[in-house]
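A.B. asks: Would you mind keeping the following structure in view while I ask a few things?
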Amino acid sequence: MSTTTTSLPARAEALPPPTERYTVLGWLHKNLFSTWYNALLTVIFGVVVILLLRSALEWALTQARWEVITANLRLFMVGQYPAAATWRAWACVVLLALLIGLSWGIWGRNQRAGAITFGALPFLLAILAHGEARVALLIVGVAGAIGFALSRWRSAQLQRITILGWVIYFPLVILLISGLGSADGPLSLVTTNLWGGLLLTLLLTVVGIVFSFPLGVLLALGRQSSLPIVRALCVIYIEVIRGVPLITVLFMAQLMLPLFLPGVTIDRVVRAMAGIVLFSAAYLAENVRGGLQAIPRGQYEAARALGLNTWKMMLLIILPQALKAVIPILVGQFIALFKDTSLVVIVGLLDLMGIAKAVLAQPDFLGLQAEVYLFVALVYGVFCYLMSAFSQRLEARLNAAR
Amino acid sequence: MTMTEQHHPNDLIIICRDVHKWYGHYHALRGINMQVHKGEVVVIFGPSGSGKSTFIRTINRLEEHQRGEIIVDGIRLTHDVRDIERIRMETGMVFQQFNLFPHLTVMDNITLAPIWVRGWSKAQAEEIGMQLLKRVGIPEQARKYPGQLSGGQQQRVAIARALAMQPKIMLFDEPTSALDPEMIKEVLDVMIELAESGMTMLVVTHEMGFARAVADTMYFFDQGQIVESGPPEQIFGDPKEARTKLFLSQILSH
């Protein structure tokens, strides 16, 4: 035996993994210039990107007439919503900021990022905006910061209040935006034909999500039911709706419903919402069904063997696992739903896209498609990114539990 | 059946008469008769496909029998859902693949049924849950998730989960077959302790050491029928049927 053989220590020591640390040059070398053809590709694409960016930036900074956005910002955001009631839309945003601040502080993973975000937000918003919006945005930022600061308490009661806040937020928003019956007063009725812009887009989306989710889950469960009539009805509903484009459903809701229900007048926006909910629920049902089928039979058997009845088994054991498995798909569907709401233009509602078209029809701003649609795309992009980022956080959190 | 003279006839807790089960045209159970007394430990063994798992799953209606009758704790198994749920409350089951709920902590796995089926308070359920975790030897794992435990620990949690409902009968469907060899003993030790505490147990297993140690009656299943039954001394020492002898020689030879 050679004496150089290392003898094993009595107990193998657990060593920390080597940390990977690169200098800027090291990173560049590893990721962009690792071989001669990678270096070549980097150079070629670098040149292309710079050329494209230069002309785009040149246009954006010198030629583009962004005043079409600033002059119509109010229209883009809330449409024809009366100026006297705009504070109600702001109140919704302020409440949302407060809830997000609280939630980030209570459940968020990256507390430092939260502190930076909510510390800087009020100032950032106040610098960016001007006029009436500056004050309002400052309040939004402060509300977020207050929420985040409050969450430092970490009491179970605060957690419960926050959850309750999220639950009542949606009905509260509907109440604030639509107002109550009387024609004057602080909460006067604002008829839905005045709702518009981003406000309408978001409302259509949120209503679509909030109502299609339970309906879709019920349809998915119904499709798996052992009762043949329930199952048949669910299958027929899902397949019929999935066989029809959303535009058709929206048209049906707008034009056919009044024919079927003479004498009953249903609000146009409500009809569009109903169309979106019914349409989305069918797709959601199929996605949830995918999650249900991924649950092993043993989970059903274990739940049944413990004496759980069907409803408790579904609510406590099967659905939590099934829904978790399909979070990415569901969020993808909600993002698609958000973008699909732009189809309500066809039935004459002025959502963000509708407003864009209306603005482009103004004599002052003819021919400014590029500016207007870029802005609209940016707004859609920001919201879609937020939804997708949230879903990734949620998934990471739920997976950490395993 | 060989044990009846030692028991009062009225302490029967499971009665199966001429139980038949078909999967399509496949005749899986062909007239099973069995009587189990309170506190009796029954071991069911036999080659794969002999219907032993199917049989113990008919007792809590995870499988439906199509002929004959099954009476558990005085309740006749029919299509009546309330009767089925009553029987399931009195019958704990441990599965080959553990079937713990992966989205719940160990403690939540154990307290779920007592809270939602028996209607206990969370505090009460957790107190009993902790006692059971101590009994199966892993109280320190209460806040972990099943995926973080070894197979042996998961199966012990599964036993604790079944016991939390305070069942009168425990059914074990090949509880050690999915375990790595070094983990079989820790699960068998818990089962032996349970048997010695007087629990009525039906165990489908090939662990003949376990059978020899604690079984009151052994049943040898083959092709959906009970070929032979009797106390372990008789089954191991003097099996009557050629098929029993052959099977035992195959599983005991290694």
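A.B. asks: Given the residues A:SER155, A:SER151, A:SER188, A:SER103, which is the only one that is over 30 Å from A:LEU278 (Cβ atoms), in contact (Cβ under 8 Å) with a residue 40 or more places away in the chain and surrounded by fewer than 17 Cβ atoms within 10 Å (Cβ to Cβ)? It would help to see each step written out before you state the result.
C.D. replies: Details: A:SER155 fails: in contact (Cβ under 8 Å) with a residue 40 or more places away in the chain; A:SER151 fails: surrounded by fewer than 17 Cβ atoms within 10 Å (Cβ to Cβ); A:SER103 fails: surrounded by fewer than 17 Cβ atoms within 10 Å (Cβ to Cβ).
Just a single option satisfies the conditions, and that option is A:SER188.
A.B. asks: Tally up the residues in region B:173-198 that are more than 12 Å from B:VAL136 (Cβ to Cβ), touching a residue at least 40 places away in the same chain (Cβ under 8 Å) and in contact with a Gly (Cβ under 8 Å, 6 or more places away or on another chain), please.
C.D. replies: 2
A.B. asks: Scan region B:84-110 for residues that are away from chain A (no Cβ under 12 Å) and open to solvent by 30 Å² or more (accessible area, probe 1.4 Å) and jot them down.
C.D. replies: First pass over region B:84-110, keeping only residues away from chain A (no Cβ under 12 Å): B:106-107.
Of everything in region B:84-110, nothing turns out to be away from chain A (no Cβ under 12 Å) and open to solvent by 30 Å² or more (accessible area, probe 1.4 Å).
A.B. asks: Continuing with the same structure: Considering every residue within region A:282-290, establish whether at least one is under 31 Å from the mean Cα position of the chain (by Cα), more than 9 Å from chain B (Cβ to nearest Cβ) and without any contact (Cβ under 8 Å) to a residue 60 or more places away in the chain. I'd like the intermediate steps shown before the answer.
C.D. replies: Restricting attention to region A:282-290, the residues satisfying the condition of being under 31 Å from the mean Cα position of the chain (by Cα) are A:282-290.
Those still in the list that are more than 9 Å from chain B (Cβ to nearest Cβ) too: A:282-290.
Add one more test, that the residue is without any contact (Cβ under 8 Å) to a residue 60 or more places away in the chain, and what stays is A:290.
The answer is yes, given that some residue of region A:282-290 is under 31 Å from the mean Cα position of the chain (by Cα), more than 9 Å from chain B (Cβ to nearest Cβ) and without any contact (Cβ under 8 Å) to a residue 60 or more places away in the chain.
A.B. asks: Find the residue count for region B:32-59, including only residues that are part of a loop (DSSP other than H, G, I, E, B), out of contact with any Gly (no Cβ under 9 Å at 6 or more places or on another chain) and over 19 Å from B:VAL227 (Cα atoms).
C.D. replies: Result for region B:32-59: 1.
A.B. asks: Taking interchain pairs and intrachain pairs at least six residues apart, which have beta carbon atoms under 7 angstrom, with the first residue in region A:237-255 and in contact (Cβ under 8 Å) with a residue 60 or more places away in the chain and among the aromatic types (Phe, Trp, Tyr) and the second part of a helix (DSSP H, G or I) and open to solvent by less than 60 Å² (accessible area, probe 1.4 Å)?
C.D. replies: Sorted first by the residue in region A:237-255, then by its partner, the pairs are A:PHE251/A:VAL347.
A.B. asks: Within region B:112-149, count every residue that is touching a Leu at 6+ places or on another chain (Cβ under 9 Å), part of a loop (DSSP other than H, G, I, E, B), more than 10 Å from chain A (Cβ to nearest Cβ) and more than 16 Å from B:GLY92 (Cα to Cα).
C.D. replies: Summing the residues that are touching a Leu at 6+ places or on another chain (Cβ under 9 Å), part of a loop (DSSP other than H, G, I, E, B), more than 10 Å from chain A (Cβ to nearest Cβ) and more than 16 Å from B:GLY92 (Cα to Cα) in region B:112-149 gives 3.
A.B. asks: Can you spot a residue in region A:119-126 that is at pLDDT below 80, among the aliphatic types (A, V, I, L, M) and within 23 Å of the chain's Cα centre (by Cα)?
C.D. replies: Scanning region A:119-126, I find at least one residue that is at pLDDT below 80, among the aliphatic types (A, V, I, L, M) and within 23 Å of the chain's Cα centre (by Cα), so the answer is yes.
A.B. asks: Hey, another quick one. When you scan region A:291-329, how many residues do you find that are surrounded by fewer than 16 Cβ atoms within 10 Å (Cβ to Cβ) and on the phi > 0 side of the Ramachandran plot?
C.D. replies: 0
A.B. asks: Scan region A:59-87 for residues that are over 18 Å from A:TYR373 (Cβ atoms) and either aromatic (Phe, Trp, Tyr) or at pLDDT 90 or above (or both) and jot them down.
C.D. replies: Of everything in region A:59-87, those that are over 18 Å from A:TYR373 (Cβ atoms) and either aromatic (Phe, Trp, Tyr) or at pLDDT 90 or above (or both) turn out to be A:TYR81, A:TRP87.
A.B. asks: B:LEU77 is checked against (1) buried (at least 19 other Cβ atoms within 10 Å of the Cβ); (2) more than 14 Å from every other protein chain (Cβ to nearest Cβ); (3) under 20 Å from the mean Cα position of the chain (by Cα) and fails just one. What number does that condition carry?
C.D. replies: (2)
A.B. asks: Next question. Which one is farthest from A:THR205 (Cα to Cα) among residues in region A:310-342 that are free of Cβ contacts under 8 Å to residues at least 60 places away in the same chain and either polar (S, T, N, Q) or not assigned by TED's automatic domain parsing to the domain that holds A:ILE209 (or both)?
C.D. replies: A:THR310
A.B. asks: Name every residue in region B:82-134 that is charged (D, E, K, R) and closer than 25 Å to B:ILE56 by Cα, in order of residue number.
C.D. replies: From region B:82-134, those charged (D, E, K, R) are B:82-83, B:85-86, B:88, B:90, B:108, B:118, B:122, B:126-127, B:134; that's our starting set.
Within region B:82-134, B:ARG82, B:ASP83, B:GLU85, B:ARG86, B:ARG88, B:GLU90, B:ARG118 meet the criteria.
A.B. asks: Of all residues in region A:51-90, which are under 29 Å from the mean Cα position of the chain (by Cα) and open to solvent by less than 30 Å² (accessible area, probe 1.4 Å)?
C.D. replies: The answer is A:ALA60, A:VAL68, A:ILE69, A:ASN72, A:PHE76, A:VAL78, A:GLY79, A:TYR81, A:ALA85, A:THR86, A:ARG88, A:ALA89.
So that you can scan it fast, the table gives a plain yes or no per residue for (1) touching a residue at least 12 places away in the same chain (Cβ under 8 Å); (2) in a helix (DSSP H, G or I):
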site	(1), (2)
A:LEU28	no, yes
A:SER34	no, no
A:ASN38	no, yes
A:VAL43	no, yes
A:VAL47	no, yes
A:LEU53	no, yes
A:LEU57	no, yes
A:ARG65	yes, no
A:ILE69	yes, yes
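A.B. asks: Only one of these is open to solvent by 60 Å² or more (accessible area, probe 1.4 Å) and without any contact (Cβ under 8 Å) to a residue 12 or more places away in the chain: A:LEU164, A:LEU138. Name it. Full working, then the answer.
C.D. replies: Numbers: A:LEU138 fails: without any contact (Cβ under 8 Å) to a residue 12 or more places away in the chain.
Sole residue among the options that is open to solvent by 60 Å² or more (accessible area, probe 1.4 Å) and without any contact (Cβ under 8 Å) to a residue 12 or more places away in the chain: A:LEU164.
The values are calculated or read from the model by the stated rules, or taken from the named source; none is laboratory data. None of these values were measured; they are calculated from a predicted model. Virtual Cβ from ideal backbone geometry, glycine too; neighbours counted across all protein chains shown. Heads up: the accessible areas ignore ligands, DNA and RNA and are worked out on the full protein's heavy atoms, side chains in. Shrake-Rupley method; radii C 1.70, N 1.55, O 1.52, S 1.80 Å.
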